[in-house]
There are 4 protein chains.
Amino acid sequence: MACTALIVIDMVNTYEHEDALVDSVRTCLPGVETVLRRARADGSPVIYVNDNFGRWRSHHGEILQSALAGEHSELVKPIAPDEDSLFVVKARHSAFFETPLAYLLGQLGAERVALCGQVTEQCVLYSALDAYIRHLDVVVAADAVAHIDPGLAQAALRMMERNMSADIQRSREISFSGPPAR
Amino acid sequence: MACTALIVIDMVNTYEHEDALVDSVRTCLPGVETVLRRARADGSPVIYVNDNFGRWRSHHGEILQSALAGEHSELVKPIAPDEDSLFVVKARHSAFFETPLAYLLGQLGAERVALCGQVTEQCVLYSALDAYIRHLDVVVAADAVAHIDPGLAQAALRMMERNMSADIQRSREISFSGPPAR
Amino acid sequence: MACTALIVIDMVNTYEHEDALVDSVRTCLPGVETVLRRARADGSPVIYVNDNFGRWRSHHGEILQSALAGEHSELVKPIAPDEDSLFVVKARHSAFFETPLAYLLGQLGAERVALCGQVTEQCVLYSALDAYIRHLDVVVAADAVAHIDPGLAQAALRMMERNMSADIQRSREISFSGPPAR
Amino acid sequence: MACTALIVIDMVNTYEHEDALVDSVRTCLPGVETVLRRARADGSPVIYVNDNFGRWRSHHGEILQSALAGEHSELVKPIAPDEDSLFVVKARHSAFFETPLAYLLGQLGAERVALCGQVTEQCVLYSALDAYIRHLDVVVAADAVAHIDPGLAQAALRMMERNMSADIQRSREISFSGPPAR
């Protein structure tokens, strides 16, 4: 049976020179924790898709360590990957561009993705598009995404809803459908 | 030397059940004509990227004929491909998704794309993103793009300008840089 | 239900400076005719994937006309596309590289591809690989593929069989499974 | 200025049930060491592209640890990544399929790749094809690639040379062109 994968976008971050973003991340943090808890409780796949900040030598342990050693570890620690989390490194904005994410979702039998993370009007929007264009169903956890520009973030949510058939839901309302079939 | 390619998005259209769009297309038509004339005068490549409407048997001659036989041929005739136009068929929203467009631009030595056509807040936005993510420079002919939702179209232009480093210019101001080097 | 798509590779050809190839094509022509007849009789999708020879202005009607006007029209006429044939233009060797073929197969529900055409040790081999890597089942019509180098062609068939789990069958033995579900 | 990147394919391996391969790897190991030493001495990028064996939770440190803890650590230790090595995880056979390798090479300004590793007639061949199809120049270190089937390996080298314009050279003859320009 098809499953839903939770995609956590760019939440492992050192937040250097990102003041505009930090407040919004702080606000959405409980939402991210909620959706993480729900996906994990259901045994649904949780995939962190994260910039490598141009450091192709880094693996995700190092990316996580840098973020935990940064000045905003309080934004990283509560949502850190656990032992079961999957991790995909991305080089550019969309979670799908030149990454194995589409292949991995296919292997997991995931036909629906739940998106949370940052930035609503950039990587989240672009990843929603690239999911939709691949015929994946999209749900966005509206209280678990962070923005830089509030107006563009609102427009991005409307675009996802109207033009990408996305469901915009609260973290506590998103239903997961259990573990992958395999 | 690198050249600029003009990308004409989804302008070969039968406009069935597209009333909201038709008025906006009518308004932007002179802009599309202007940017087409300028690109052709400079010998820059002009690439029509167009839906095939699920008809994989159709080639672009047939797509053009259908559009010219439709009830809004007055929106198609003035901007129809000429003998030198290139034509790429797309299956989904972005001009780049599962098409040879990126490869073709590479062969032409085009490092900059000028976008016109429809719909500003959908295919134009998505194509701008997919160009930007591939490190192509983007210019959008603001008076040569048509929208369905005016508010989302404005937001899309701001997104392209702020987050994809796009230049938003009038058709008559866009500079082309002559024919491909080869 | 999943269907099998017949992929006809690079058979629409003017055969300029291709003497080594022409004899092999002549030999495999009855095999191509057989597999075409069988796929069409079963209502299975038939997809011609063909070089555009760098002529991005050409649509497939023009490519076909050029081939029929060439000096080896006798190699093209018997296997020409019919009204129901689908047509995908490729720019490079593999049928999948920067083309909508994978997307189109997904839309058709095709989980198995039957390959015929040319050149066994080049485009046919590469297309088999790109099908296999995408988890599509592959069958090669051994008497319906043409080669340039007989030794490399034999090696290519062994590679497809051993390393890409391809079935190597005679044209008249390949089973098709009827039309796409939709 | 364009640089050459050394691509080390699937050499971080536990070699479980791979007896046919182990002897060939042992034979090519000095060649891999030579080409690694030469690339590093010149400051050229060295990119390990390696299966993750379906373990999407693993990062490359863990993949390396497993390989060093396996029964053939003597085949892994001499060619292990160093602090400057880049690492790309692949899911399927080609180093380019659904990975950021092409993007990374573009960022490094690498227009030529030198291939070593395993298996000559499978991943090395497929990666050479995917490099060639992207207009990258290819050199294969003939004494630094390991095979399972000697006959198919010889055919694969001929295919790369004749049909993918690859240079087939000895490890000690391959010239690197220094570090990336940036």
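The values are calculated or read from the model by the stated rules, or taken from the named source; none is laboratory data. What you are looking at is a predicted structure, and each value in this text was computed from that prediction instead of being measured. Note: ideal-geometry Cβ built from the backbone for every residue, glycine included; neighbour counts use all protein chains shown. Quick note on the areas: whole protein, heavy atoms, side chains included, nothing else; ligands and nucleic acids left out. Shrake-Rupley method; radii C 1.70, N 1.55, O 1.52, S 1.80 Å.
Rounded to the nearest Hz, the phi-derived 3J(HN,Hα) couplings of the range D:162-172 under the Karplus curve 6.51 cos²θ - 1.76 cosθ + 1.60 (θ = phi - 60°) are 7, 9, 10, 6, 7, 7, 9, 10, 7, 3, 6, where x marks glycine and proline. By the scheme Lys and Arg +1, Asp and Glu -1, what is the net charge of all other residues having a beta-carbon under 9 Å from that of C:ARG40? Its environment carries a net charge of -1. Projecting label points 7 angstrom from Cα along Cα→Cβ for A:GLU71 and D:ASP82 puts them 3.6 nm apart.
Using a probe of 1.4 Å on the protein chains alone, the accessible area found for B:LYS77 is around 150 Å². Where chain B is rotated onto chain A, the residue of B whose Cβ comes nearest the axis, and that gap in whole Å, is B:ALA155, 2.
Applying the Karplus relation 6.51 cos²θ - 1.76 cosθ + 1.60 with θ = phi - 60° to the range C:22-32 yields 3J(HN,Hα) values of 4, 4, 5, 5, 4, 5, 8, 4, x, x, 5 Hz, where x marks Gly and Pro. Charges were assigned to the Cβ only: +1 to each Lys and Arg, -1 to each Asp and Glu. The resulting dipole of the range A:1-145 about its Cα centre is roughly 360 debye. What separates the C:SER66 label point from its copies, with the point 7 Å along Cα to Cβ, is 2.5, 4.9, 4.9 nm, written shortest first.
Which net charge results when you count Lys and Arg as +1 and Asp and Glu as -1 among the other residues whose beta-carbon is under 11 Å from that of A:ARG112? That works out to -3. Summarised in one figure, the compactness ratio Rg/Rh of the protein assembly as shown, Cα atoms and Kirkwood Rh, is 0.96.
Computed from backbone phi with θ = phi - 60° and the Karplus coefficients 6.51, -1.76 and 1.60, the 3J(HN,Hα) list for the range B:90-103 is 10, 9, 10, 5, 6, 5, 9, 5, 6, 10, x, 4, 4, 5 Hz; x is used for glycine and proline.
With 32 Å as the limit, the listed pairs A:LYS90/B:LYS90; C:LYS77/D:LYS90; B:LYS77/C:LYS90; B:LYS77/C:LYS77; B:LYS90/C:LYS77; C:LYS90/D:LYS90 have C:LYS77/D:LYS90; B:LYS77/C:LYS77 beyond it between alpha carbons.
Each other copy holds its own label point for C:HIS135; taking that point as 7 Å from Cα along Cα to Cβ, the gaps run 1.4, 3.2, 3.3 nm, nearest first. Peptide D:102-110 is shielded by partner chain Cβ atoms: per residue, an average of 2 of them sit within 10 Å of its Cβ. The H on the amide N of A:ALA95, modeled in the peptide plane, is under 5 Å from the matching H of A:SER127, each at least 5 residues off or on a different chain. Normalising the Debye intensity of the range B:23-152 to I(0), with uniform scatterers on Cα atoms only, and taking log10 at q = 0.09, 0.21 Å⁻¹ returns -0.24, -1.57.
Rounded to the nearest 0.05, the FRET efficiency derived from the C-beta distance between C:GLN154 and C:SER175 at R0 = 22 Å is 0.35. In terms of its alpha-carbon gyration tensor, the range C:1-100 comes out oblate; a/c meets the 1.5 threshold, while b/c is at least as large as a/b. Label point of B:SER175 (7 Å along Cα→beta-carbon): distances to the other copies' equivalent points are 3.9, 5.8, 6.6 nm, sorted ascending.
Return a whole-number percent for the relative contact order of chain D, with Cα pairs under 8 Å and 6 or more residues apart as the contact set.
33
With a cut-off of 12 Å between beta carbons, the residues surrounding D:GLU71 carry a summed charge of -4, where Lys and Arg count +1 and Asp and Glu -1.
Our note on the geometry: Cα centres of the range D:131-182 and the range B:79-108, 33 Å apart. Using a Gaussian network model of chain C in which every pair of alpha carbons under 10 angstrom is joined by a spring, one finds that among C:LEU125, C:LEU86, C:LEU101 the greatest mean-square fluctuation is at C:LEU86.
Distant-in-sequence amide contacts of C:GLY117, defined by a placed amide H-H separation under 5 Å and a gap of 5 or more residues or a different chain, comprise C:ILE9, C:VAL145, C:ALA146.
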